[in-house]
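Scroll down for the structure; my scribbles are underneath it.
The values are calculated or read from the model by the stated rules, or taken from the named source; none is laboratory data. Remember, predicted model here, so these are calculated numbers, not experimental data. Counting neighbours? That spans all protein chains shown, and the Cβs are built from the backbone with ideal geometry, glycine included. What goes into the accessible areas is simple: the full protein's heavy atoms, side chains included, and nothing from ligands, DNA or RNA. Shrake-Rupley method; radii C 1.70, N 1.55, O 1.52, S 1.80 Å.
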Protein chains: 2
Amino acid sequence: MDPSARKSRLYSVSLVTTSVNASRLHSRIAALARFGALPGGGVTRSCWSPPYEAARAWLLDEIRSAGLHGWVDLAGNVFGGLGAAAFSAATPVVLTGSHIDTVPEGGILDGALGVLAGLECLQAIRAAGAAPRRPLVVSAWSDEEGRYASLFGSRAFCGRLDAAATATMTAVDGERLVDAMARAGFDAHRAPEARAPDGAVHAYVELHIEQGPRLDEAGVPIAVVDSIVGVRRTRLIFHGQADHAGTTPMERRRDAFLAAAEYALKARELVVERGGGGSVTNIGVVQVHPGASNIVPGRAEIVHEMRSPDAETLERLARECEALATDVVDRRGIRFDAVRMSQTTPVACSPKVRAAVEAACKRLGLGWKTLYSAAGHDAQNLALIADAGMLFIPSRGGKSHRVDETSDAEAIERGASVLLHTLLTLAG
Amino acid sequence: MDPSARKSRLYSVSLVTTSVNASRLHSRIAALARFGALPGGGVTRSCWSPPYEAARAWLLDEIRSAGLHGWVDLAGNVFGGLGAAAFSAATPVVLTGSHIDTVPEGGILDGALGVLAGLECLQAIRAAGAAPRRPLVVSAWSDEEGRYASLFGSRAFCGRLDAAATATMTAVDGERLVDAMARAGFDAHRAPEARAPDGAVHAYVELHIEQGPRLDEAGVPIAVVDSIVGVRRTRLIFHGQADHAGTTPMERRRDAFLAAAEYALKARELVVERGGGGSVTNIGVVQVHPGASNIVPGRAEIVHEMRSPDAETLERLARECEALATDVVDRRGIRFDAVRMSQTTPVACSPKVRAAVEAACKRLGLGWKTLYSAAGHDAQNLALIADAGMLFIPSRGGKSHRVDETSDAEAIERGASVLLHTLLTLAG
């Protein structure tokens, strides 16, 4: 038997015998959920925070205990390699992963599932003695949720971060990224050095909870993702005039909060009516200054987020919202500033990765549905440098970014199994 | 000459010879403005804060240097007495004063003027050797602006504070009054003991800036205040549902902020249309939870303030706003809680004090105008236990509760002179 035939036989065997250890996966999910756990359930684990740093240390331990090579890059991304201890163009890897940071008062699966299922897959492949052609790496990307900057770690890895930008990245409460990273022992200015060499990634596949109700309501176990929405975040600062809230005649007030309130209501209407069905919008950050009951608000700041699977629609909505803000402030005799915080363009997933996920579903006898992702994900950065794709499992009740976010245990196991077979296919 | 005739002659002499020292008053205003001064002008000096406590110490020094008896009661109120070192029914005093706390980013005259002009009047009366029949006291009332509880010091002094209430008083940022007072060396639970004995105050008169545009625009130097508006503050908590801001379909979102925004716009309309002209409203405190750009707001808290010179109108508006909130949340499938934070009823000023202010204006050849106060003041508590009234000087441009609040130097001097003659009349 020549060597390549022998390899091919081994591979076929591994497809049959390799399977994920569901109880190990569930206990790791429960273990990670303890970092930043909230009394009533759910978790707050912002990137670079003390609970996050403790979770990172725990993850590295798990990676190493699983027999993988563990390392952390200059953007804080954590990696676990099977047959790889670094990235190089000479040996392109098949990469899987997600993130272990969370939104404030978020759930225990958003991000964590993709990282821990990826780790489980690599551990299972190693244990089964399967020898795929390409090395495999599992990743946990820094600050996917964007306390300081959305998809930070994967942006750095994919070469979309410049050193100047890191200096100005700031959380909504004013904390600077450079300070948060320094506290965790990292130098933000060096984060761009985390860029992977060209050609170092053969393919990327990310398992995630859907975070919406489409799979759950359709009763379908897996979604093959065909595209990921673009997300645009703009900070709008309405500048009115602080005044005494008793003595200033009503008609003379230039109330910054009322302008923000009017904009919020009308921007929602505009996006719903003119967004073509797939566009959504949110205002989740609101700050009113100086913030006293007896002072007319002199300044109101909001963060306006819009998402659309269609790049042109997103651009048009952004222009229309800016015109709306102008109209609101002009009528109210005030002014506003708009500061673009972040912007991603919608991306298409790789046909090769989609085909691998579909093949895995077929092999496991699981139905699937093709969906676009209404949330941003690290995969959209990886799609800029490699074949990249995603699969979703159902979120019970479509709930996410809230403490009661959950998925059924069986759904998690099915997702991990599909990921395993997808990785084996991609790794060859 | 019998003693009373001699006293009467001295008094007449004092009326002619006693006058305020304008430069001393202006330099004290400038000195007090340094405590909590902001780089661009104006001041942030919340009650019990370190700059406030430093200002209190400075004021006590000034009182004692002016030859008055200085003391502080259990509610943190500061007093300077001429012929009085405490309050007793046996020797009712004529009281004047205001407050030295400010709103965040407030001006240097709101409150400070009344305290420092009162101090100047007592110092001038003492220096002139005038011997009014009744003792005189100048006061600086604690937390008039209500970081923890509006008109706190004068409420305690007038017996309108119970010990149970102090335990729950909390600033909008969550700081408890008991902790803030403890830091400053006071026991909040003992504040109700600051209550003055019945009959201890013969009359109270407070000089203040108008804080609105009416005097400035009419070109009239003095307002004699006939009534003070009631102020009602309610904390409204809108309970929606936190959800993922990308994946949750727009029509399923239960966005607490949008409910608060709709309420804010409609409550303003309601008060303007149905408030009978004299009513005003403000929403100056807005907090959105959990406060992330990619999470639909699950909770929004606002402080809704309404003011009216008419008690019945204020009650009716409060009921109508509650019905409005119910309507807003019902349509949006969410719910709300309303927590009454504070409520004062409109009060009428004493005819005796009004007459004394008018007589002082006549004596000094100054025109006046009768106005109601659109702001709440400590005088409204004093009106519950004694003859109480107020006079205003113009605020340039009607600006107040903002860093560029100001009044002309001559307007300040005129106000202090009218206060001096009013005090001499009331003290007999």
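Is the shape of the stretch A:230-344 best called rounded, prolate or oblate, per the rule: a/c under 1.5 gives rounded, else a/b larger than b/c gives prolate, else oblate, with a ≥ b ≥ c the square roots of the Cα gyration tensor eigenvalues? Numbers along the way, then the final one.
On the way: a/c = 2.75, a/b = 2.23, b/c = 1.23.
Judged from the Cα gyration tensor, the stretch A:230-344 comes out prolate (a/c at least 1.5, a/b above b/c).
Given springs between every Cα pair under 10 Å in a Gaussian network model of chain A, which of A:D310, A:D173, A:D387 has the largest fluctuation?
Comparing A:D310, A:D173, A:D387 in a Gaussian network model of chain A, the most mobile one is A:D173.
Could you tell me which of B:G333, B:G284, B:A245 has its Cα farthest along the dipole of the stretch B:230-344 towards the positive end, charges placed at Cβ (Lys, Arg +1; Asp, Glu -1), taken about the Cα centre?
It is B:A245.
For every other residue with a beta carbon closer than 10 angstrom to the beta carbon of A:S46, add +1 if it is Lys or Arg and -1 if Asp or Glu, then tell me the sum.
Working: positive: A:R45, A:R147; negative: A:D101, A:D143, A:E145, A:E175.
For residues surrounding A:S46, the net value is -2.
Which of these, B:E175, B:E144, B:E53, has the largest mean-square fluctuation under a Gaussian network model of chain B (Cα springs below 10 Å)?
Of the options given, B:E175 has the highest mean-square fluctuation.
As I understand it, the dipole of chain B uses +1 on the Cβ of Lys and Arg and -1 on the Cβ of Asp and Glu, about the Cα centre. Which of B:L314, B:S19, B:P192 lies farthest toward its positive end?
It is B:S19.
Work through the residues other than A:A182 whose Cβ is under 14 Å from its Cβ and net out their charges, Lys, Arg +1 and Asp, Glu -1.
So the environment of A:A182 carries a net charge of -1.
At 222 nm, what value in deg cm²/dmol follows for chain B if DSSP H runs of at least 4 each add -39500 (n - 2.57) and the sum is divided by all its residues, to the nearest 500?
Details: 13 runs with 160 residues, N = 428.
After summing the helix terms and dividing by residue count, I get -11500 deg cm²/dmol.
Output the pairs from A:K266/A:K369; A:K362/A:K399; A:K369/A:K399 with a Cα-Cα distance over 26 Å in this structure; if there are none, say none.
On the way: A:K266/A:K369 34 Å; A:K362/A:K399 28 Å; A:K369/A:K399 19 Å.
Distance filter (> 26 Å) returns A:K266/A:K369; A:K362/A:K399.
How big is the A-B contact in terms of buried accessible area, both chains counted, 1.4 Å probe, rounded to the nearest 100 Å²? Intermediate values should be presented prior to the final figure.
Numbers: alone 17630 and 17560 Å², together 30180 Å².
So the total buried area for this chain pair works out to about 5000 Å².
From the label point of B:G278, set 7 Å along Cα to the beta carbon, how far off in nm is each other copy's matching point, shortest first?
For B:G278, the inter-copy label distances come out at 6.0 nm.
In degrees from 0 to 90, rounded to the nearest 10, what is the angle of the helix A:112-127 Cα long axis to the longest principal axis of chain A?
10
Shape verdict for the stretch A:129-264, please, from the Cα gyration tensor: rounded (a/c under 1.5), prolate (a/b greater than b/c) or oblate. Write down the numbers at each step before the final one.
Values: a/c = 3.54, a/b = 1.69, b/c = 2.09.
In terms of gyration-tensor shape, oblate.
Amide H neighbours of A:V201 under 5 Å, counting only residues 5+ apart in sequence or on other chains, H built in-plane at 1.01 Å?
Distant-sequence amide H within range of A:V201: A:V93.
Count the DSSP beta bridges whose two residues both fall in the protein assembly as shown, then state the antiparallel fraction as a percent rounded to the nearest 5.
In the protein assembly as shown, DSSP labels about 65 percent of beta bridges as antiparallel.
Quick check on chain B: take the gyration tensor over C-alpha atoms, sort the square-rooted eigenvalues as a ≥ b ≥ c, and tell me if it's rounded (a/c under 1.5), prolate or oblate.
Details: a/c = 2.18, a/b = 1.91, b/c = 1.14.
Taking the square roots of the gyration eigenvalues as a ≥ b ≥ c, chain B is prolate.
Once Lys and Arg get +1 and Asp and Glu get -1 on their Cβ, which of B:M169, B:G107, B:G83 lies farthest toward the positive end of the dipole of the stretch B:76-194?
B:G83
Counting only protein heavy atoms, probe 1.4 Å: which residues of the stretch B:362-409 lose 50 Å² or more of accessible surface in the full assembly compared with their chain by itself?
B:H401, B:R402
Assign unit charges at the C-beta atoms only (+1 for Lys and Arg, -1 for Asp and Glu), then state the dipole size of the stretch B:218-360 relative to its Cα centre in Debye, rounded to the nearest 20. Present the calculation step by step, with values, prior to reporting the outcome.
Working: 19 positive and 18 negative charges, 51 e Å.
Roughly 240 debye, rounded to the nearest 20.
Please determine, in degrees from 0 to 90 and to the nearest 10, the orientation of helix A:3-17 with respect to the longest principal axis defined by the Cα atoms of chain A, where the helix direction is its Cα long axis.
60
Once you've got the GNM for chain A with C-alpha springs shorter than 10 Å, pick whichever of A:A264, A:A75, A:A245 has the biggest mean-square fluctuation.
Comparing A:A264, A:A75, A:A245 in a Gaussian network model of chain A, the most mobile one is A:A245.
What's the angle, to the nearest 10 degrees (0 to 90), between helix A:22-32's Cα axis and the longest principal axis of chain A?
Roughly 40 degrees, rounded to the nearest 10.
Amide H of A:D408: which non-local residues (sequence gap of 5 or more, or other chain) have their own amide H closer than 5 Å, using H built in the peptide plane?
A:R396
So which residues of the stretch A:223-245 lose at least 50 Å² of accessible area, probe 1.4 Å, when you go from the chain by itself to every protein chain present?
Residues losing area: A:H244.
Considering only the other residues whose Cβ falls under 9 Å of the Cβ of A:G80, what net charge follows from Lys and Arg at +1 and Asp and Glu at -1? Don't skip to the answer; put the middle values down first.
Details: positive: A:R64; negative: A:E62.
Once positives and negatives cancel, what remains is 0.
With every protein chain kept in place and ligands, DNA and RNA left out, what is the accessible area per residue of chain A? Probe 1.4 Å, answer in Å². Intermediate values should be presented prior to the final figure.
Numbers: 15130 Å² over 428 residues.
I get 35 Å² per residue for chain A.
Work out the mean other chain Cβ neighbour count within 10 Å for the residues of B:266-275 and drop it here as an integer.
Average neighbour count from other chains, rounded to a whole number: 1.
Can you send over the carbon and sulfur percentage of the accessible area for the stretch A:257-398, probe radius 1.4 Å, protein chains only?
Numbers: 2540 of 5310 Å².
Reported share for carbon and sulfur atoms: 48 percent.
Could you list which residues have their amide H under 5 Å from that of A:S342, counting only those 5 or more apart in sequence or on another chain, with H placed in the peptide plane?
Here A:R233 satisfy the definition.
For the stretch A:92-243, with all protein chains present and a 1.4 Å probe, just round the carbon and sulfur fraction of the accessible area to a whole percent. Walk me through the intermediate numbers first.
Numbers: 1960 of 4230 Å².
Its accessible area is 46 percent carbon and sulfur atoms.
Inter-copy label distances at B:S19, 7 Å along the Cα→beta-carbon direction, one decimal in nm, shortest first?
Inter-copy label distances (nm, one decimal, shortest first): 10.3.
For the protein assembly as shown, what is the charge dipole size about the Cα centre, in debye to the nearest 20, if Lys and Arg each add +1 at the Cβ and Asp and Glu each add -1 at the Cβ?
My answer is approximately 360 debye.
About the Cα centre of the stretch B:14-125, what is the dipole size in debye to 20, counting +1 per Lys and Arg Cβ and -1 per Asp and Glu Cβ, all else neutral? If you can, show how the numbers build up before the last one.
Numbers: 6 positive and 8 negative charges, 42 e Å.
For this selection, approximately 200 debye.
How much FRET efficiency would the formula 1/(1 + (r/R0)^6) give for A:E312 and A:A184, where r is the Cβ-Cβ distance and R0 is 35 Å, rounded to 0.05? Before the final figure, lay out each step's value.
Working: r = 39 Å, r/R0 = 1.13.
Working from the Cβ atoms, E equals 0.35.
With an 8 Å cut-off on Cα pairs and a minimum separation of 6 or more residues, tell me the relative contact order of the stretch B:230-344 in percent. All intermediate terms of the calculation are to be shown ahead of the outcome.
Numbers: 226 pairs, mean separation 51.9, N = 115.
The value is 45 percent.
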